[in-house]
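What follows is one structure encoded as structure tokens, with my remarks underneath.
The values are calculated or read from the model by the stated rules, or taken from the named source; none is laboratory data. The model shown is predicted, which means the values in this text are computed figures rather than measured ones. Don't worry about glycine lacking a Cβ; one is built from the backbone with ideal geometry, like all the others, and counts go over all protein chains shown.
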Amino acid sequence: MFKKNMFLTVFTAIALLLAACGDDATDGEVGETDSSGDKGEIEIGLNNWAENIAISNMWKIILEEEGYDVTLTMSEKAPIWTGIASGGIDLSLEVWLPTTDEPFYEDHGDDLDMHEVWFEGTGLGLAVPEYFDIDSIDELNDRADEFDNRIVGIDAGASLTRITEEALEEYDLDLDFVVSSEPAMITELDTAYQEGEPVVVTLWNPHWAFSDFDIKYLEDPKGVYGEPEDIYYMSRLGFEDEYPEVIEWLNNWMMDDETLGELMSYINELGEEEGAEKWIDENRDMINEWLGKE
């Protein structure tokens, strides 16, 4: 009798435990987002450009809400392309074509998958404050003393840096090209802007600087910086077969200067995670369209 009663007690305890677990599982399925990471691990490669940081953090949060474990890997463009082509990185969300990233695509295009456009009509070139009364790149040599004979650039591995080096040759510019980083370039721009001084920087859009500063591109009569481009995203070979719903969501993704500019401004003001979360919370309808939940 003792053994029988003990068996019944243990059986009852197990049944109650299973029931409790079942209730928890049910609660998790109703109206809640799966943030467990059980759907798999995804590594996103990004470089230190404002819009790349913004969209990568945005998608990290969205994908984690949908049950994926996401890692962001910061690097230069060349290692990111190599990582995608070798299968070491899953996704990279910013590819400028047909001009800016063409050398990378020529080297690695056969070893990766290029996907849909998510931003149309980019720009890049040399930018100055609106108050600096200069309009074209071919005027720079004559005004060099006014901006300390310097063009302030970003990191050495950027396509914009390579194109600017070509511009120096094409326009025969006798100027110092300071290769630095995006944060250093922005600091130089901000300091000069606050003091009302001339400054020349390499810049691109989409970028939050065009919202925060009254600046303009210099005309490029020789077309060194090319025509407006589109931004695509790319993945390693095989990723689409393993994560078809992620590719479907990303193919639905579309942003413009206004939406992306707002996202970048929030991140610039609040930090990467908090800024991205604020933008996501304010744009749930758009995100639900990307995820097919409308």
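Structure values in brief
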read-out	value
Matching residues, the stretch 107-137, being acidic (Asp, Glu) and part of a strand (DSSP E or B)	113, 116, 120
Checklist (1) in contact (Cβ under 8 Å) with a residue 60 or more places away in the chain; (2) within 27 Å of residue 53 (Cα to Cα) applied to residue 131, failing item	(2)
Residues being outside any loop (DSSP other than H, G, I, E, B) and surrounded by fewer than 20 Cβ atoms within 10 Å (Cβ to Cβ) - total across the stretch 164-175	5
Qualifying residue in the stretch 188-210 (condition: more than 16 Å from residue 123 (Cβ to Cβ) and at pLDDT below 95)	no
Given (1) touching a Lys or Arg at 6+ places or on another chain (Cβ under 7 Å); (2) closer than 25 Å to residue 100 by Cα, index of the condition residue 264 fails	(1)
Contacts under 8 angstrom Cβ, first residue in the stretch 273-289 being assigned to a helix (DSSP H, G or I), partner charged (D, E, K, R), 6 or more apart	275/269; 276/60; 279/262; 285/294; 288/294
